[in-house]
Amino acid sequence: MVSIKKRFIAEARCPSCQQQDVLRWWIASNIEWVECVECDFVQQRLPQSVEKSGHQEQTMIGIFRPD
Ligand SMILES: [Zn+2]
């Protein structure tokens with residue numbers, strides 16, 4: 001496993017506990033994650049580039065399932 005760096009989002013406010021500078025984000029498996037260190041808030045979303053094309057996922061499936 002590659003170690004994942006989690007970065008705090010400056011001046012971001014948690015939508016759950018409303019505290020500031022508590023959110024941090026990282027990317028794992030082409031999914032962008034955001035979590036709060038003060039409460040249980042977790043959000044995941046696809047990066048915009050992947051979301052728009054949808055092509056990258058098909059390419060990866062081809063790589064992992066060689067016929
Ligand atoms: Zn929070």
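Tabulated data for the structure shown
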| quantity | calculated |
| --- | --- |
| Residues that are open to solvent by less than 80 Å² (accessible area, probe 1.4 Å) and either modelled with pLDDT of 95 or more or assigned to a strand (DSSP E or B) (or both), drawn from segment 26-36 | Trp26, Ala28, Ile31, Glu32, Trp33, Val34, Glu35, Cys36 |
| Pair list, Cβ < 6 Å and 6+ apart or interchain, from segment 14-25 residues that are free of Cβ contacts under 8 Å to residues at least 12 places away in the same chain to residues that are in a strand (DSSP E or B) and near the ligand (Cβ under 10 Å from one of its atoms) | Gln20/Arg13 |
| Filtered residues of segment 37-52 (kept if open to solvent by less than 70 Å² (accessible area, probe 1.4 Å) and at pLDDT below 85) | Pro47, Val50 |
| Residue, farthest from the ligand (Cβ to nearest atom), within segment 6-24, restricted to residues that are open to solvent by less than 80 Å² (accessible area, probe 1.4 Å) and part of a strand (DSSP E or B) | Arg24 |
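The values are calculated or read from the model by the stated rules, or taken from the named source; none is laboratory data. Just so you know, these numbers come straight off a predicted model, no measurement behind them. Note that we place each Cβ from the backbone using ideal geometry, even for glycine, and neighbour counts take in every protein chain shown. With ligands, DNA and RNA removed, areas are computed over all heavy atoms of the protein, side chains included. Shrake-Rupley method; radii C 1.70, N 1.55, O 1.52, S 1.80 Å.
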